[in-house]
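The values are calculated or read from the model by the stated rules, or taken from the named source; none is laboratory data. Since the structure is predicted, the reported quantities are computational estimates derived from the model, not experimental observations. Cβ atoms come from the backbone with ideal geometry, glycine included; neighbour counts cover every protein chain shown.
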Amino acid sequence: MARAFLRRLALSLGVVWLVTVLVFVSTEILPGDALQVSLTADEAAQMTEDDFARRRAELGLDRPAPARYAGWLLAAAKGDFGTTIIGKADVTEVIAYPLRNSVLLCLVTALVAIPAALAIGIAAAYWRGRAPDFAASSGAILGYSIPEFASGNFLILCFAIWVPVFPAVITAFTKDPPSVLLGAAFLPVLTVVIGSIAHLVRLVRAGFIEALNSDYVERARLAGASRLRIILRHALPASVIPALNSAALYVAGLLSGIIVVEKVFGYPGLGLVLINAVEKREVAVVQAVSLIAAVIVVAMNLLADAAVMALDPRARSR
């Protein structure tokens with residue numbers, strides 16, 4: 001198992017390196033000069049050619065692209081993502097609290113969505129072809145088909161305008177304690193939870209149906225095992241493996257959904273920072289956020305692979 005895990009770890013590091021190349025190249029091929037695009041017309045008018053040259057040298061924009069990539073990669077490996085063009089702020093400090101807030105939103109979503117999806121998916125598979133299955137499958141298809149910006153705006157319409165119970169936008173600040181953020185983030189959490197449950201229910205249902213139709217579950221039935229024992233001891237562990245295999249896709253979808261939700265509700269997270277950085281052409285922030293998101297997805301995929309190898313010996317030889 002250790003050899004298989006090390007092989008997956010090496011592949012994951014290779015994927016992260018490829019992501020760094022893609023992120024750097026993507027920001028390089030954007031039209032226009034990063035410094036000039038990020039400045040307002042008034043700021044650019046007040047700067048001379050010498051000012052531009054000095055500022056480009058400070059940002060390292062006067063060096064060749066390969067040298068800048070190597071320097072950025074080495075610094076990023078140490079946790080140094082450089083400084084912003086506007087304000088010369090440390091990028092690590094700029095993204096630290098928003099990263100905490102986005103992770104908090106992800107954790108709350110997972111704590112709510114995963115148990116709910118397990119219960120709904122198992123019920124749908126156990127009563128396959130009956131009313132619970134129809135309701136769960138229809139709800140999952142509906143929830144999966146509606147984009148987060150549509151469901152978020154619909155929830156705002158329902159619970160902030162028609163029935164004004166919750167605020168339409170987040171009233172908390174970036175550095176507020178987690179308890180304050182969660183107290184004001186009911187609608188963003190609900191929006192992400194709806195999409196997460198819809199995605200996970202389909203995976204759990206498919207895996208549980210496959211487990212119920214397996215030979216070892218049939219042997220357990222013939223041996224006289226109770227329904228509860230069959231579900232908890234035999235079917236449930238086997239149905240978790242397909243869901244774990246799709247963990248990276250779930251995390252990637254969760255991150256993309258959170259970016260949209262943060263924009264809709266004004267939630268002070270990493271997605272909002274990324275959108276603002278793209279609009280202002282803050283290359284260092286865009287690179288840092290993209291790299292962090294990629295590392296999170298790859299790390300979750302690696303953890304999922306490790307869990308699958310621990311649960312399924314056949315996966316250790318793949």
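Determine, yes or no, whether Ser38 is touching a helix residue (DSSP H, G or I) at 6+ places or on another chain (Cβ under 9 Å) and modelled with pLDDT under 80.
For Ser38, the condition - touching a helix residue (DSSP H, G or I) at 6+ places or on another chain (Cβ under 9 Å) and modelled with pLDDT under 80 - is met.
If you take the residues in the range 268-304 that are assigned to a helix (DSSP H, G or I), touching a residue at least 12 places away in the same chain (Cβ under 8 Å) and not aliphatic (A, V, I, L, M), which one is surrounded by the most Cβ atoms within 10 Å (Cβ to Cβ)?
Gly271
List the number of the failed condition for Ala172; all other conditions in (1) modelled with pLDDT of 90 or more; (2) closer than 24 Å to Val261 by Cβ; (3) more than 19 Å from the chain's Cα centre (by Cα); (4) crowded, with 17+ Cβ neighbours inside 10 Å hold.
(1)
Out of the range 155-175, which residues are in a loop (DSSP other than H, G, I, E, B), under 26 Å from Arg100 (Cα atoms) and free of Cβ contacts under 8 Å to residues at least 40 places away in the same chain?
Residues of the range 155-175 in a loop (DSSP other than H, G, I, E, B): 163-175.
If we keep only those that are under 26 Å from Arg100 (Cα atoms) too, we end up with 166-175.
Within the range 155-175, Phe166, Pro167, Thr171 meet the criteria.
Would the range 99-122 turn up any residue that is of a type in the set (Val, Ile, Thr), under 30 Å from Val278 (Cα atoms) and touching a Ser or Thr at 6+ places or on another chain (Cβ under 7 Å)?
Looking through the range 99-122, at least one residue is of a type in the set (Val, Ile, Thr), under 30 Å from Val278 (Cα atoms) and touching a Ser or Thr at 6+ places or on another chain (Cβ under 7 Å).
Going through the range 72-118 one residue at a time, which ones are over 30 Å from Ala206 (Cβ atoms), part of a helix (DSSP H, G or I) and among the hydroxyl-bearing types (Ser, Thr, Tyr)?
Those that are over 30 Å from Ala206 (Cβ atoms), part of a helix (DSSP H, G or I) and among the hydroxyl-bearing types (Ser, Thr, Tyr): Thr92, Tyr97.
Determine which member of the set Ala140, Ala113, Ala124, Ala135 is hydrophobic (A, V, I, L, M, F, W, C), without any contact (Cβ under 8 Å) to a residue 24 or more places away in the chain, over 30 Å from Ala284 (Cβ atoms) and surrounded by 14 or more Cβ atoms within 10 Å (Cβ to Cβ).
After ruling out the rest, the residue left standing is Ala135.
Please list, ordered by first then second residue, the pairs with beta carbon atoms under 7 Å, 6 or more apart or interchain, first in the range 49-71 and outside any helix (DSSP H, G or I), second at pLDDT below 80 and of a type in the set (A, V, I, L, M, F, W, C).
Final answer for the pair search is Leu61/Ala34; Leu61/Leu35.
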